[in-house]
Amino acid sequence: MILFPAIDLKEGLAVRLQQGDMARATVFHRDPAAQAEAFELQGFKHLHVVDLDGAFAGKPMNVTAVERILETVGLCVQLGGGIRDMATVAGWLEKGVNRVIIGTAAVRNPALVKEAARTFPKRVAVGLDARDGKVAVQGWAETSELSALEIARRVEDAGVAAIIYTDVTRDGMLKGLNLDATIALAEAISIPVIASGGLASIDDIKALLEPRARKLEGAIAGRALYDGRLDASEALKLIRDARAAV
Amino acid sequence: MSVAIVDYGSGNLHSAAKAFERAARESGHEQLIVVTSEPEKVASSERVVLPGVGAFADCRRGLDEIPGMIDALEESVRKGAKPFFGICVGMQLMAERGREYQVTPGLGWIAGEVDRITPTDPNLKIPHMGWNTLNLLKTHPLLEDIPLGPDGLHAYFVHSFELKPAQRSDLVAQADYGGPLTAIVGRDNMVGTQFHPEKSQRLGLKLIANFLKWAP
C-alpha cells in the first residue's frame, strides 16, 4: 500500500478544494516545493500533484511550481491536470515526473491513453473522477455519461500503470474514502487502483490494510494531512508493518 | 580534508550536500564534501555528517543494512573523535533508543530517548512543521556569531518526535512549540540538530560553516 500525499496547485500555490470547487479553495502553503519537501522529510516516498488550473484550461498552467517541486525533492511524483496530448505527456516525463495522470482525455480521447501507455510503459495512469457513478471531466466541472468501469475497461489492455479513482463528492470533505466503490472497481479490472477522495483519519489507513482492499495499490491523502487529522508517522508506520508482515 | 555525508537510503541528500558545499565555499573553510554509502570513505574522512528523514526504525535499519557502516561510525566518531553532525533523525539516532511506536536501539552516544512531542496547546499540529527561534542553554562553538533568542535567526523544523537527553548538560538549545523542544544536543565532538540546517538559510549556513572549522 502506497500513501500518496497530495499537492493541488492553483495559481502557483498549494491549495485544497472541497468537492473540486475552485471557489472553495484553502491555501495551505504558498511555496508548493517547500510543502513537497516537508512531505519528503516526514518519510513519504511518493507525491501526487494536480495542476488544478491545468485541469480546467486543458493544458499545463502551473509549470514553474511543478518544475520547482521536481528540482527540490527526490520523491516519485505523479502528476495530473491538463495533460491532453502526447507532447505534454512526453514533456513531463522528460522533466522528471515519474507518472503522468490522464483524466479528461481518457474519457474523450481513449486513443491518447493507449498511445501514451504503449510509448511509456508503467508511466501512465488514468484518473477517473466519479460523481454518482459517472465520470466527471474538465476539472470536474462537467459530467460524462460513462461509468468509471466502462472507461477503465476501454483502456484495460493498453498497459496503464494504475487507475486513480476519486469520489468527487467526498473529496476534501473528510468523510472517509469510498472504499466499497473503489474495491468494486479494482475487483472488476486487472489494473491496480488507487483510492482517492475523503481520506480522513487513521481508520481509513486501517481499512486500506484489510484483506478486502488487497487489490488497491494505494490511496491519496490531502486535507487530512494538512490539518493534522492524519498523523503521517503513524500512517506510514502501519503501512510499513503491514508490508513487513506479508 | 573531506566531510562525509552518510548516504544510507534515508531520503534525498541533494539539499544537504548543496548546503555544505555552499557553506564551505562562502566561509573560506574549503573542504571536499562527499556523499557516500561506503564505510571506508567515512573512515577516511575528517568530519562526519549523518542526515536522516522519516522514521527512526527505518533509519536504524538503513544503517544496519550497510555492512561495516556502524563500525565505521563508531570508529570515526567515538574512538577517532572526529567532529560529528547529526541532522533530524540522524541526530535522534545518537540517543540510546527510539520510542517511535516500537522501541528501536539507537547508537547510544547520548544518554536519553526519542519520544513523541507533546505540545501543551492541543491546537498545535503534529508534525511540528515550520520556523522557530532557538533558546540557548549552553554555549557551543557551533553557535558562534549566530543571533539566538526571540529576536534571533530562525531554524526550520519538520518532526513528530524529539530526543530527550537524560543529562541536561547534553542539551545545547531548545525551541518553543507549546513547551520546550530539543533543538540542538552536543557532547564532546558530537553535535546534532532536530531542525534542518540545510533548509534553515542564514542560521543553517552559519552553523554548518562553524562545524567545518570546529576543532573539538
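No value in this document is a laboratory result; all are computed from the given coordinates. The structure presented is a predicted model; accordingly, all values stated were derived computationally and were not measured. Note: ideal-geometry Cβ built from the backbone for every residue, glycine included; neighbour counts use all protein chains shown.
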Quiz prompt | Over chain A, relative contact order from alpha-carbon pairs under 8 Å, at least 6 apart, % | solution = 18 percent
Self-check item: Size-normalised alpha-carbon gyration radius of the protein assembly as shown, reference 2.2 N^0.38 Å
Solution: 1.03
Self-check item: Approximate spin-label separation B:K41-B:K213, in nm, with each point projected 7 Å along Cα-to-Cβ
Solution: 2.7 nm
Self-check item: Given charges at Cβ of Lys, Arg, Asp, Glu: the protein assembly as shown dipole, positive-most of A:L79, A:P121, A:F56
Solution: A:P121
Quiz item: Once the principal axes of the Cα atoms of the range A:179-246 are found, what is the range along each, listed largest first in whole angstroms?
Solution: 34, 27, 15
Exercise. Would you mind calculating the relative contact order of the range B:2-213 from Cα pairs under 8 angstrom and at least 6 residues apart, reporting the percent as a whole number?
Key: 21 percent
Quiz item: Sorted from fewest to most neighbouring beta carbons within 10 Å, what does the list A:R153, A:R30, A:R84 look like?
Solution: A:R30, A:R153, A:R84
Quiz item: Do the sum for chain A: with -39,500 (n - 2.57) for every DSSP H run of n ≥ 4, divided by all residues, what is the mean residue ellipticity at 222 nm, to the nearest 500 deg cm²/dmol?
Solution: -10500 deg cm²/dmol
Quiz item: Is chain A best put as rounded, prolate or oblate by its Cα gyration tensor, with a ≥ b ≥ c the root eigenvalues, rounded for a/c under 1.5, and otherwise prolate when a/b is larger than b/c, oblate when not?
Solution: rounded
Quiz item: Which far-off residues, 5 or more places away or on another chain, put their amide H under 5 Å from the one on A:L79, with H placed in the peptide plane?
Solution: A:V49, A:R99, A:V100, A:I101
Exercise. Divide by every residue of chain B the summed helix terms, -39500 (n - 2.57) for each DSSP H run of at least 4, and state the resulting mean residue ellipticity at 222 nm, rounded to the nearest 500 deg cm²/dmol.
Key: -6500 deg cm²/dmol
Quiz item: Given +1 on the Cβ of Lys and Arg, -1 on the Cβ of Asp and Glu, and no further charges, what dipole in debye does the protein assembly as shown carry about its Cα centre, rounded to the nearest 20?
Solution: 180 debye
Quiz item: For B:R168 and A:K45, FRET efficiency with R0 = 45 Å and r from the beta-carbon atoms, rounded to 0.05?
Solution: 0.75
Quiz prompt | Relative contact order computed over the range A:30-86 (Cα-Cα under 8 Å; 6+ residues apart), in percent | solution = 47 percent
Quiz item: Going through the range B:38-102, which GluC sites (Glu not before Pro) have at most 14 other Cβ atoms within 10 Å and a DSSP loop state?
Solution: B:E65
Practice problem: Let me know the mean shielding of A:67-75 by other chains, meaning the per-residue number of their Cβ atoms within 10 Å of its Cβ. | Solution: 2
